[in-house]
Amino acid sequence: MYEANSIFQWHREGYEDLNAYWDTLDQLETAVRDFSDAGLGFVEDQLDDVLAKIDAFEPTVSVIGQVKAGKSTLLNALIGQSDLLPSDVNPWTSVITALHMNSRHRPHDTRALFRFFDREEWDRLVATGGRLGEMANRAGFESEAEEVRTQVTAMRAATEARLGDEFDQLLGGSRAYPALEKSIIDRYICYGDPDEMAEGSDEGVYADLTKSADLYIDLPHLPRGLCLRDTPGVNDTFMMREQITLNAIGDSRACIVVLSAHQALTTMDLALLRIICAIDAREVLIFVNRIDELEDPVGAQTAIGASIRKTLGRMGLGEEIEILFGSGYWAQCALGDVTRMAPASRKALAKLNGGKDANDLNELRQRAMAASGLQPLLKAVVKRIVEGPGQAMLNDVHAELNTIISMAETVETVARASDSGPVLSEGELRLRLAELEEDVLKGFDSRAAEQRAELRARLERAQGSFVASALEALQSHIDTFGEIGAWTHDPTALRMAMKTAFTSATTKLRRHGETAFDEMAEGIDALLAAEFGVAREPGTVAFPEQPVHRAPTVLARMISLDMQGAWWRKYWRFNRKKAAETRYREVIMAETTPLIDDLIIGFFDPAIARSREIIEGFALDQGKFCDAVRARCLRGSDEAHEERLSA
C-alpha cells in the first residue's frame with residue numbers, strides 16, 4: 001500500500017491557498033453572527049442576507065474537452081481517487097457530473113444524486129431530433145433531419161424497452177444513494193456498450209435519461225466548498241446535452257480545457273474554441289494532457305505550446321490564457337498501483353528525470369505525481385478562485401457590513417427631537433418613501449428599455465454586417481474558383497461582435513443601476529435632513545453589488561455554419577450564384593436570429609430584472625433605516641418630555 005499521506009500532500013499544498021481563504025471567510029462569518037446578536041432589528045434582514053450569501057458560496061470549475069482527452073482521468077487525480085469516474089477507453093462520461101468537496105450543502109444521507117430529464121424534454125428530443133436535427137431541418141436537409149429523428153426515436157425506444165416500467169417512474173425525478181459506489185455511478189453517467197447491455201450489463205443503463213449527477217466527496221486532503229464539474233464535452237450524441245453543458249460552463253468561475261498532447265496540434269476541436277471565445281480569457285486554463293504518451297515529453301511541450309498560442313492568436317485571444325502540461329495517467333498511477341504503469345509511459349517519465357528510471361516505488365510515485373502537472377494545475381485553479389469570486393465575496397461582505405454599521409451608528413446617535421418639532425407620522429413616511437421609490441424605478445425602467453432597444457439594434461447590425469461579409473466572401477470564392485466546389489464562412493467574427501455588444505450593454509445597465517442607487521440615496525438624505533435633522537456623512541452608504549454579467553455561453557452554441565460534416569459539405573456546394581446567395585442568406589438569418597432573441601429575452605431581460613430587484617431591495621433597506629431613525633427621534637422626544645416633567 002502506498003504512503004497515502006505523502007501522496008496526498010501534493011493535494012494539500014495545491015489547495016493550500018483555498019483553505020486559507022476559507023479560514024478568512026469563516027472569521028468574517030463569525031463577526032457577522034456576533035454583530036447579528038446585538039439585536040438591531042432594523043438590520044436583521046440585511047445581516048441574514050449576508051450570512052446566506054456566505055453560506056451559498058461554492059465556486060465551481062468546469063472541465064471540458066474532446067472525448068478521450070482524459071477529462072475523467074484528470075478529475076480523478078484532482079480529487080485523489082484513482083477510479084471514481086469512468087476513464088477506460090469505453091465507456092465515457094455522458095452526463096454533467098458535479099463533484100462537491102466537503103460540502104456544507106450535502107443532502108442528508110446522500111453521497112450520490114442523479115436527476116433525470118422530464119417528459120417535455122424527452123418528447124422534444126424526439127420531435128426535433130435534438131439540436132442536430134433542428135439544424136439539419138433549418139438548413140433544408142429534410143431527409144437527413146428525418147434520419148436523425150429516426151435514430152433518436154430508435155434510441156428512445158431502446159431506452160424505454162430497456163427500462164420497462166421504470167421509465168415513466170424516472171422521468172422528471174431523481175435518485176439518491178447514501179454511498180459512492182463505482183458500480184452505481186457507472187450506471188448513470190457513462191455510455192455503455194449496447195451489445196453488452198443487451199446481454200444484461202447494467203453499465204450505462206440509465207445514462208440516456210440522466211440529465212445531471214451530483215457526487216459528494218468528503219476527504220481530509222480536499223478543500224471545503226469547491227465543486228468540479230465533468231462534462232460530456234463536444235461529442236454529445238445528437239447534441240441533446242449541448243445547452244446543459246454550456247450552462248454549466250457559464251455558471252463556473254474557472255474552466256479547464258483539456259487537450260490531448262497527440263491531438264493538440266491538429267484537431268483542437270472547433271467547439272472548444274467557440275467555448276473559449278465565449279468565456280473571459282482570465283478564467284480559462286488549457287491543460288495539455290497525456291504527455292506520458294509522447295516520446296520526448298520535454299521537447300514536444302515547446303512545439304505544442306507555440307502551436308496552441310498561434311491558434312489562440314488567430315481567435316483574438318491573448319496571453320491571459322495559461323497553458324499547462326501534464327498527465328492524469330501519471331497521477332492515477334501514483335495514487336494507485338504504480339507498478340502497473342505502462343512501460344512506454346515509464347520510459348517517458350524517466351526521460352523527464354535525466355533518463356534514469358526509479359527502482360524505489362515510493363520515489364517512482366513521487367516522480368509520477370511531480371510530472372503529472374497536478375499541483376501546478378490545482379494552484380492555478382485556486383488562484384483564479386481566490387483572486388476572482390473569492391475576493392469579490394470578501395469585498396461585498398465588507399461593504400455591506402460597513403453600511404450596516406454606519407446605519408446602526410447613525411440611529412444610535414440621532415439627536416433628541418425635543419426641539420425639532422413634530423415627528424413625521426408613520427403613514428406620511430411610508431408615502432414619501434413609496435413616492436421616492438416609484439420615481440427612482442420609473443427612471444431606471446426608462447433607461448433600461450432604451451438600453452434594450454440599443455442592444456437589439458446593435459445585434460441586428462452585427463448580423464447584417466456578417467451576412468454582407470459572408471455573401472462578399474461567397475462572391476470572392478465564385479470569382480476565384482467559379483461556380484464549382486464548396487464554400488465555408490467562419491462565424492467567429494459574428495460571435496465576437498455579439499459578445500462585445502452584450503458585454504457593453506450589461507456594463508451600461510450596471511451604470512443605470514448605480515444611477516438609481518444614487519437617486520435613492522440622495523432622496524433619503526434629503527428626507528432625513530428635512531424631517532429628522534439627520535445628516536449622513538458622505539460616502540458612508542455602500543451601494544449593493546450588481547452582478548457582472550459575462551457573455552452568455554449560448555454564443556458558443558453550434559450553428560449550421562460551424563458544421564463541416566458530410567451533409568454540410570454537400571450543402572455548401574452550389575451551382576448558380578443567385579440561388580446560392582438566397583439559400584445562404586436564409587440559413588444564416590435562420591441560424592443567427594434565435595441567437596439575438598436568446599441574448600435579449602433569455603439573458604438581457606433577466607439582467608434588467610435582477611438589477612431592478614436589487615434596487616428594490618436597496619430601497620427597502622433604506623426605508624427600514626428611516627423607520628429606525630423615526631423611532632429613535634420619537635424615543636428621544638419622549639425622554640425629553642419626561643425630563644421636563646421631572647424638572
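Observations on the structure shown:
- Filter pass, A77 being among the small types (G, A, S), surrounded by fewer than 20 Cβ atoms within 10 Å (Cβ to Cβ), at pLDDT 90 or above and under 27 Å from R12 (Cα atoms): no
- If the condition is being hydroxyl-bearing (S, T, Y) and open to solvent by 40 Å² or more (accessible area, probe 1.4 Å), then region 314-362 contributes Y329, T339.
- When E166, E144 are checked against the criterion of being of a type outside the set (S, T, Y), open to solvent by less than 60 Å² (accessible area, probe 1.4 Å) and at pLDDT 70 or above, E166 stands alone in meeting it.
- Residues of region 283-300 that are within 16 Å of L377 (Cα to Cα) and out of contact with any Pro (no Cβ under 8 Å at 6 or more places or on another chain): E283, V284, L285, I286, F287, V288, N289, R290.
For (1) under 22 Å from the mean Cα position of the chain (by Cα); (2) of a type in the set (D, E, K, R); (3) at pLDDT 65 or above; (4) over 24 Å from L180 (Cα atoms), each residue gets a yes or a no:
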{"site": "V205", "(1), (2), (3), (4)": "no, no, yes, no"}
{"site": "T210", "(1), (2), (3), (4)": "yes, no, yes, no"}
{"site": "T231", "(1), (2), (3), (4)": "yes, no, yes, no"}
{"site": "D236", "(1), (2), (3), (4)": "yes, yes, no, yes"}
{"site": "S260", "(1), (2), (3), (4)": "no, no, yes, yes"}
{"site": "A264", "(1), (2), (3), (4)": "no, no, no, yes"}
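- Positions within region 15-74 being open to solvent by less than 10 Å² (accessible area, probe 1.4 Å), closer than 30 Å to V629 by Cβ and modelled with pLDDT of 90 or more, in sequence order: I54
The values are calculated or read from the model by the stated rules, or taken from the named source; none is laboratory data. Not measured: the values here are computed from a predicted model. Because the Cβ atoms are built from the backbone with ideal geometry, glycine has one as well, and the counts that use them run over all protein chains shown. What goes into the accessible areas is simple: the full protein's heavy atoms, side chains included, and nothing from ligands, DNA or RNA. Shrake-Rupley method; radii C 1.70, N 1.55, O 1.52, S 1.80 Å.
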